[in-house]
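No value in this document is a laboratory result; all are computed from the given coordinates. A quick note: this is a predicted structure, and the numbers were derived from the prediction, not measured. Methodologically, a virtual Cβ is constructed for each residue, glycine included, from the backbone with ideal geometry; neighbour enumeration extends over all protein chains shown.
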Amino acid sequence: MDEPLVCTREELHQSDEYAVEETAKYIALVRQSFPGLLIGDIEAYPSSSVEEHQHWIAALTKRLAEKGLRGIDFYRLDVDWLSFTEQNKGSWRDLRRLEAWCRERKLPFQLVYWASGYPALAKRGLADDSTWYTAIMQQGYDYAMVEGKPDAFVIESWIEAPLQCLPENGEWTFTRSVRDFARKFVKRGER
């Protein structure tokens with residue numbers, strides 16, 4: 001699911017309770033037809049605080065249990081990495097705190113890596129495909145420095161960068177960035 005909490009707040013202007021109820025109804029319908037399907041939630045960070053994420057997960061888990069359904073199968077954060085420095089909002093350590101909280105609850109924790117600063121740099125004429133590559137690699141290093149280790153790494157781009165996907169050994173290509181990131185930060189047997 002792509003940001004049911006954020007969309008409920010920002011697009012529908014409804015309460016978190018409304019988001020919990022409607023998301024639980026949706027999950028119930030999906031599980032009824034596809035009981036083996038893995039269902040996870042992707043939410044934005046740091047637009048919602050760590051505590052808001054914890055409250056959301058706990059409330060949704062509780063509501064699903066009340067309906068006799070298993071909880072979500074993973075929690076993935078789509079991080080606006082640039083907010084840490086540009087707006088002094090969120091931090092690597094807070095992100096790591098949420099990872100530990102999820103792990104305590106046996107909820108797989110995942111992160112989306114993307115060049116969040118690319119659009120602002122492109123407006124200044126400073127972005128190119130190397131910007132993409134260096135940004136996701138730096139995110140990997142920064143999160144590793146706080147001993148962060150998500151259960152899954154997701155490298156995505158929806159910002160028209162880098163311009164080329166292939167070849168995997170080409171300079172600054174998407175697949176090259178994924179390959180190099182995986183070699184550096186993902187150990188064998190991990191995803």
- Task: With everything on Cα atoms, drop me the angle between helix 16-33 and the longest principal axis of the chain, reported from 0 to 90° to the nearest 10.
- Result: 90
- Note on the structure: Given backbone amide H placed at 1.01 Å from N, residues whose amide H is under 5 Å from that of Trp81, ignoring those fewer than 5 places away on the same chain, are Ser116
- Message: Considering only C-alpha atoms, what is the centroid distance from the stretch 1-67 to the stretch 150-164, in Å?
- Response: 23
- Message: Just want to confirm a number: the relative contact order over the chain, from Cα pairs under 8 angstrom separated by 6+ residues, in percent.
- Response: 16
- How large is the charge dipole for the chain, taken about the Cα centre, if only the Cβ atoms of Lys, Arg (+1) and Asp, Glu (-1) carry charge, to the nearest 20 debye? 780
- Query: What residue among Ala120, Leu166, Leu107 has its Cα farthest toward the positive end of the dipole of the stretch 97-186, where the charges are +1 on Lys, Arg and -1 on Asp, Glu, each on the Cβ?
  - Reply: Leu107
- Task: Sort Ile136, Ile159, Ile42, Ile57 so that the residue with the fewest other Cβ atoms within 10 Å of its own Cβ comes first and the one with the most comes last.
- Result: Ile159, Ile42, Ile57, Ile136
- 0 to 90° range, to nearest 10: angle between helix 50-66 axis and the chain longest Cα axis: 40
- Relative contact order of the stretch 1-72: what whole-number percent is it, with Cα pairs under 8 angstrom and at least 6 residues apart? 39
- Message: Give me log10 I(q)/I(0) at q = 0.09, 0.10, 0.20 Å⁻¹ for the stretch 62-191, Debye formula, one equal scatterer per alpha-carbon, no solvent.
- Response: -0.30, -0.37, -1.18
- Task: Over the residues of the stretch 1-72, compute the C-alpha Rg and express it relative to 2.2 N^0.38 Å.
- Result: 1.06
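What percent antiparallel are the DSSP beta bridges of the chain, to the nearest 5?
0
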- Task: Would you mind getting the Kirkwood hydrodynamic radius of the stretch 1-138 from its Cα pairs, rounded to one decimal in Å?
- Result: 16.3
- So how tilted is helix 174-185 from the main axis of the chain? Cα-based, degrees 0 to 90, rounded to 10. 80
